[in-house]
1. Say whether the condition of being at pLDDT 95 or above, among the charged types (D, E, K, R) and closer than 30 Å to S51 by Cβ is met by at least one residue in the stretch 123-143.
2. Would you please list the contacts, defined by Cβ atoms under 7 Å and residues six or more apart or on different chains, that run from a residue in the stretch 147-169 that is more than 18 Å from A38 (Cβ to Cβ) to a residue that is hydroxyl-bearing (S, T, Y)?
3. With the structure loaded, tell me whether N46 is surrounded by 15 or more Cβ atoms within 10 Å (Cβ to Cβ) and farther than 30 Å from Y141 by Cβ or whether it fails that test.
4. Yes or no: M122 touching a Lys or Arg at 6+ places or on another chain (Cβ under 8 Å) and aliphatic (A, V, I, L, M)?
5. Condition test on T60, is it exposed (fewer than 15 other Cβ atoms within 10 Å of the Cβ) and assigned to a strand (DSSP E or B)?
6. So, A196, is that one within 21 Å of W11 (Cα to Cα), without any contact (Cβ under 8 Å) to a residue 24 or more places away in the chain, hydrophobic (A, V, I, L, M, F, W, C) and surrounded by fewer than 18 Cβ atoms within 10 Å (Cβ to Cβ) or not?
7. Answer yes or no as to whether R117 is part of a strand (DSSP E or B), under 17 Å from A93 (Cβ atoms) and either over 18 Å from the mean Cα position of the chain (by Cα) or among the basic types (K, R) (or both).
8. What residue, of L43, L106, is touching a residue at least 40 places away in the same chain (Cβ under 8 Å) and farther than 19 Å from M170 by Cα?
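The values are calculated or read from the model by the stated rules, or taken from the named source; none is laboratory data. Predicted model, so just to flag it, every value in this text is computed and none were measured. As a convention, Cβ positions derive from the backbone with ideal geometry for all residues, glycine included, and neighbour counts pool all protein chains shown.
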Amino acid sequence: MSKYMQLCKDWHEHLQATIEKTTNPHHQAILRNLQHHAALEQLGHNEELFSGRFIVERPTYHFRGLGFDALTTMQGDEVRRFYEHTISAGVIAFACAYGPPQCTFLVADWGLMAFFRAAFIMDGAHFLAQGFEVDDPAARYIAMTPVANRWWYTPEALLIGEDVYAIDEMVVTKLSPEEDITMEEFRDAISPYLPA
């Protein structure tokens with residue numbers, strides 16, 4: 001298994017372990033929403049993600065870094081189009097622990113926060129189009145950056161929005177064939193975390 005696929009699985013497994021040890025029902029519902037949201041987002045199941053079960057009708061997202069030049073706000077349909085573009089561009093996007101200790105999820109009645117690494121795997125041509133320097137448009141690369149993320153929720157544990165702040169520049173690395181992740185491998189690893 002690719003070391004990056006293992007990092008992705010570790011993040012999901014740690015989130016599952018956090019859900020299992022959380023005793024507050026509202027906090028557990030928030031964490032479960034995040035688990036389902038992440039899996040639906042990563043696998044491109046946008047119809048279900050925006051069905052009303054997981055996200056409010058008009059969510060608000062704030063991004064700083066991650067390819068955005070300035071603080072960027074997206075609302076409503078802009079959020080949905082952002083997810084759709086990521087999948088249509090063939091991007092494999094996931095979260096993984098920043099390093100020891102394992103990713104910590106800080107949950108409260110209003111929502112939760114976490115510190116992790118955001119990772120994006122795509123062809124060199126996509127990185128070139130976004131202004132990154134790579135030496136082979138046909139090769140596969142991974143970009144990673146540490147991120148502080150805040151998710152806001154309703155009393156019913158529906159996502160209101162996200163604040164996503166990259167705390168450093170993205171580091172882009174060419175992948176060897178052994179390090180790359182195929183969409184089939186990714187789907188197999190993430191599918192167990194989809195909602196029933």
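1. No, every residue in the stretch 123-143 fails to be at pLDDT 95 or above, among the charged types (D, E, K, R) and closer than 30 Å to S51 by Cβ.
2. Partner pairs satisfying both residue conditions: D168/T145; E169/T145.
3. Values: surrounded by 15 or more Cβ atoms within 10 Å (Cβ to Cβ): yes; farther than 30 Å from Y141 by Cβ: no.
So N46 does not fit the description; no.
4. On the way: touching a Lys or Arg at 6+ places or on another chain (Cβ under 8 Å): yes; aliphatic (A, V, I, L, M): yes.
Here the answer is yes, as M122 does meet what is asked.
5. Working: exposed (fewer than 15 other Cβ atoms within 10 Å of the Cβ): no; assigned to a strand (DSSP E or B): yes.
No, not satisfied.
6. Details: within 21 Å of W11 (Cα to Cα): yes; without any contact (Cβ under 8 Å) to a residue 24 or more places away in the chain: yes; hydrophobic (A, V, I, L, M, F, W, C): yes; surrounded by fewer than 18 Cβ atoms within 10 Å (Cβ to Cβ): yes.
So A196 passes the test.
7. Spelling it out, R117 is indeed part of a strand (DSSP E or B), under 17 Å from A93 (Cβ atoms) and either over 18 Å from the mean Cα position of the chain (by Cα) or among the basic types (K, R) (or both).
8. Values: L106 fails: touching a residue at least 40 places away in the same chain (Cβ under 8 Å).
After ruling out the rest, the residue left standing is L43.
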